[in-house]
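Asker: Right, I'll just put the structure down here and ask away after.
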Amino acid sequence: MTDSKKTVVVGATPNPSRYAYQAAHMLSRYGHTFIPLSIKQGSVAGEEIMDLRQKPLIPEVDTLTLYIGSRHHAEWMDYLLSLSPKRIIFNPGTENPEFMQKAEEQGIEVVAGCTLVMLRTGIY
């Protein structure tokens with residue numbers, strides 16, 4: 001098993017049909033600490049979803065994995081960057097050139113990829 005990477009699942013959901021739900025469960029199975037963060041309420045993989053609207057302070061973030069559409073990024077971009085993650089994974093459908101550029105300018109690794117595939121193939 002790889003070292004645990006504290007991951008914030010942005011757009012977490014208790015809905016089992018969503019990729020964000022699957023990602024939370026897979027992160028847990030692969031031994032990674034994850035923080036579900038969303039405007040949705042409930043819990044996923046045994047963790048209570050934190051309210052994105054409250055912009056909670058989350059220390060020592062390794063990875064943000066995005067499951068919110070790019071049309072919602074402007075509202076949350078500055079807050080998410082303020083968490084100072086080492087990397088941001090833009091899952092399919094969440095790619096955003098402006099957000100990606102801002103992250104890179106702050107020295108954050110930007111990955112256009114799929115968290116689920118990255119975990120399954122051991123490149124997470």
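Asker: Rounding to the nearest 20 debye, state how big the charge dipole of the stretch 7-121 is about its Cα centre with +1 on each Lys and Arg Cβ and -1 on each Asp and Glu Cβ. Walk me through the numbers before you get to the answer.
Answerer: On the way: 10 positive and 12 negative charges, 74 e Å.
With only Lys, Arg, Asp and Glu charged at Cβ, the dipole is about 360 debye.
Asker: Next question, about the same structure. Bin width 5 Å, alpha-carbon pairs only: give the P(r) of the stretch 7-121 as whole percents, running from 0 to the bin holding the largest distance.
Answerer: 2, 13, 25, 27, 21, 10, 2, 0
Asker: Sorted from fewest to most neighbouring beta carbons within 10 Å, what does the list His25, His32 look like?
Answerer: The order, fewest Cβ neighbours first, is His25, His32.
Asker: Leaving out same-chain residues fewer than 8 places away, which aspartates and glutamates sit with a Cα under 15 Å from that of Lys55?
Answerer: Straight-distance partners of Lys55: Glu75, Asp78.
Asker: A further question follows. Starting from the amide H of Lys5, placed 1.01 Å from N in the peptide plane, find each other amide H under 5 Å away whose residue is 5 or more places distant or on another chain.
Answerer: Thr33
Asker: Based on DSSP H runs of at least 4 residues, each adding -39500 (n - 2.57), what is the mean residue ellipticity at 222 nm of the chain after dividing by all its residues, to the nearest 500 deg cm²/dmol?
Answerer: So the calculated ellipticity at 222 nm is -8500 deg cm²/dmol.
Asker: Let me have the relative contact order for the chain, percent, based on Cα pairs under 8 Å that are six or more residues apart.
Answerer: Here the relative contact order equals 22 percent.
Asker: Something else: Using the charge dipole of the chain (Lys, Arg: +1 at Cβ; Asp, Glu: -1 at Cβ; taken about the Cα centre), state which of Pro59, Met118, Trp76 has its Cα farthest towards the positive end.
Answerer: Met118
Asker: Show me, for the stretch 59-64, the HN-Hα J-couplings you get by feeding each phi into the Karplus relation (A = 6.51, B = -1.76, C = 1.60, θ = phi - 60°), rounded to Hz, glycine and proline as x.
Answerer: x, 6, 7, 7, 9, 9
Every number here is computed from the coordinates shown, using simple stated rules; none is lab data. Quantities reported herein were computed from a predicted structural model and do not represent experimental measurements. Neighbour counts are summed over all protein chains in view; Cβ atoms, including those assigned to glycine, are modelled from backbone coordinates with ideal geometry.
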